[in-house]
There are 2 protein chains.
Amino acid sequence: MTDIGFIGLGIMGRPMAEHLIAAGHRLHASRHHKPVAPELIEKGVAVHATPKAVAAASEVVILMLPDTPDVEAVLFGADGVADGLKAGAVVVDMSSISPMATKDFARRIEERGASYLDAPVSGGEVGAKAASLTIMVGGPEAAFDRVKGLFALMGKNITLVGGNGDGQTTKVANQIIVALTIAAVGEALLFASKAGADPAKVRQALMGGFASSRILEVHGERMIKRTFDPGFRIALHQKDLNLALQSGRALGVALPNTATAQELFNACVAHGGAGWDHSAMVRALELLAGHAVAETPR
Amino acid sequence: MTDIGFIGLGIMGRPMAEHLIAAGHRLHASRHHKPVAPELIEKGVAVHATPKAVAAASEVVILMLPDTPDVEAVLFGADGVADGLKAGAVVVDMSSISPMATKDFARRIEERGASYLDAPVSGGEVGAKAASLTIMVGGPEAAFDRVKGLFALMGKNITLVGGNGDGQTTKVANQIIVALTIAAVGEALLFASKAGADPAKVRQALMGGFASSRILEVHGERMIKRTFDPGFRIALHQKDLNLALQSGRALGVALPNTATAQELFNACVAHGGAGWDHSAMVRALELLAGHAVAETPR
C-alpha cells in the first residue's frame, strides 16, 4: 500500500486513479482547483486543501493535467507540490507537456531531494478505462523501478525511453507520426475518390502492403464511413502539434509536414471542428478539393 | 498454355516473364527497343521485330514500361500493339503510369475490339523475383477473370479495385501514403534525436501503438542504421509523386503534404541522392536541421 497523490482527476486521470484505488493504494487529492468527486471520497480518497498538502502526505505524486503551465503552477506555484515534497518522494508527470520545460521541472524537483519521471500516455479515455495505456517514460531508472508496479495498474506497453524529457519527446514523436499518417491517408483516399475509384476498395487493396498502418486501418475507415465523433479531439492534437512546432523552433528542427498538418487542423477548427475526431483532418483537404472521400465515384 | 506478349523485360519485367515461362506459357518479345536477352531466347521466348508483330502472335499482351509516354508509344506508335491486336485479346499494362491517360488508352484499345486492364504492382525487384507482388487492377471483370491465373504466377495480393484507371489510381494512392509516412517517421525521429532522445528506443516505444506502420518498422530502422542502399530509389518515387501531383492538378485535388514530400525528394536529388533508397528523404530534413537522426544524443 502506497500513499499516492493524484492531481488532475479529469477524463483521463479519474479512471487511472480508480485503478490505483482498486489495487489497494491510498490516494490523496486536492480541492484547490475544484471539489473532489463524492464517489472518489466514498472510495477513501483523502482530500487536502492544496497540492503542497497532497505532497506532504504522499510517497508518489502523480500529475495528469492539460498543459505545461498547469503542471508548472501545480509544482512550483504558491502552495505547490515542490513546497510539500517529502525527501525521497517521486513526482510522476503523466500529462503531455513540453519536453524542454520537463527537463527544467525535473532539475528543480531533484534539487529538493526528490525524483522526477515524465510519463505521458497514449490510448485516450478508452485506454485509461481499460488500463491499457501506452506509457512513455523518461527519468532515472531507480525512480522508474520504484513506480513501475503502479504504471502496470494503468497501462500495458510501458517503456523507459531514457532520461528526463525523453518520455515527453517520445509522446511528441508519436503525435507527429499519427497526424502525418492521417494526412497521408487523407490525401490518398481523397485523390482516389476524386479520380473516380471506390475509396473503400482502395483502402482494402492497400492493407497488408507498404502503405499499411494502424491509421489506414482505423482512421481510413472513419474517413470512408464519416464517423468523426471522437476518438481523439482535434483541439487536443492541435495542442500536441503546437508542442512539436514550438520545441522544433527552440531546438532548430524544421518540421514542414507537421506544420502543414497543423494548418489543416486549424482549418477544421475554423469550420467548427475543434471537437471532431482528428481523422476529420481530411475535411480540410475536402474543402480545398470541393469533394468528399465518401462521395459517389464519378 | 497461352501465347503471351511481354514488352518491357527490364529489372521488373524479366523475373515476372520468367515466372510465366516456368508455368509453361509461350512468350513473345520485341527487339524494336533493344535485343532480347539470349537466356530468354534459350528458354523459348519468340522474338519479333515490333510490338505490332508481338500483338499479332498473342492472346494477352503485358506491358512493363517506365512511364506514360513509353506505354503510349508501344501501344499507339508506328508498328504499335494497337495495330496488331487480335480481336478479343487482352492488353495488361503493369507499368505505373498516369490514371487519367490510362482511361484514354483503355477506351482506344476497346475501340479495336480488345480489352484493357491496368495492373500496376508494388513490391519492387524483390517481389518480382519472389512472385509476391501486390497487383492493383482496374478494368472489366471478364478480362480480369481471363488473366487472373497469370497474375497469380507473378503476385500474391491481387485486387480488382474497379474500372479502368482505378488500378493506377490505387498505385498512386499507395505511393502517396508511403512517401508521406516516410516524412512522418523522418520528422518524428529527427525531432526525437535533436531533443536528445535515442531514436532507436523511441521507435521501439512507438511500435504497437497508433503510430505503428510498416514504414516505421522498415524505413524507421533504415534511418537509424543509415542503410540507404535501395530498396526503392528516390528517382522512381519522384516519378510516382509527379503522377500524383499532375493528376491532382488535372482533377482539382490539392495535395499539400505530397507536394512537400516531393520537394524533400528534390532536395535529396540535388545532393546526389537520385539512387538512394526513398527512406533517405530524412536526409533532406537533416540538412535543414544540421543534425542527423543517428547522431549521438546530446
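Annotations for the structure displayed:
- The mean number of partner chain beta-carbon atoms within 10 angstrom of a residue's beta-carbon across peptide B:248-254 is 6.
- Environment charge at residue A:261 (Cβ cut-off 14 Å; Lys +1, Arg +1, Asp -1, Glu -1): -2
- Antiparallel %, DSSP beta bridges [both residues in chain A], to 5: 15 percent
- Per-residue mean of C-beta atoms belonging to partner chains within 10 Å, peptide B:156-165: 4
- Summing +1 for each Lys or Arg and -1 for each Asp or Glu among the other residues whose beta-carbon sits under 12 angstrom from that of residue A:286 gives +1.
- Taking Cα atoms only, the orientation of helix B:13-22 departs from the longest principal axis of chain B by about 50 degrees.
- Cα shape, chain B, gyration tensor, a/c 1.5 rule: prolate
- Mean residue ellipticity (222 nm) of chain B, computed from DSSP H runs ≥ 4 via -39,500 (n - 2.57), nearest 500: -16000 deg cm²/dmol
- Label point 7 Å beyond Cα along the C-beta direction, distances from residue B:67 to other copies (nm, shortest first): 4.8
- Charge dipole magnitude, Cβ of K and R +1, D and E -1 - segment A:96-183, Cα centre, debye nearest 20: 140 debye
- Nearest 10 degrees, 0 to 90: helix A:141-154 Cα axis against chain A principal axis: 60 degrees
- Nm distances between copies for residue B:88, ranked from closest, using label points 7 Å along Cα→Cβ: 9.0
- Inter-copy spacing of residue B:145 label points, which lie 7 Å from Cα along Cα→Cβ, given in nm from shortest upward: 6.9
- Footprinting exposure proxy for B:79, A:229 (fewest neighbouring C-beta atoms within 10 Å first): A:229, B:79
- Separation of alpha-carbon centers, segment B:124-198 and segment A:1-47, rounded to whole Å: 49 Å
- Charge tally around residue B:76: other residues with Cβ under 14 Å, Lys/Arg +1 each, Asp/Glu -1 each, net -4.
- Gyration tensor (alpha-carbon) shape descriptor, segment B:1-69, a/c threshold 1.5: rounded
- Neighbour counts of other Cβ atoms within 10 Å put B:218, B:172, B:293 in the fewest-to-most order B:218, B:293, B:172.
- Based on the Kirkwood approach, the hydrodynamic radius assigned to segment A:18-154 is 15.2 Å, with every pair of different Cα atoms included.
- Global form of segment B:90-155, assessed from the alpha-carbon gyration tensor, a/c cut-off 1.5: oblate
Computed from the coordinates by the stated procedures, all read-outs in this text should not be read as laboratory data. Treat the numbers as computed from the prediction; the structure is a model and nothing was measured. Ideal geometry is used to build each Cβ from the backbone, glycine not excepted, and the neighbour counts take in all protein chains shown.
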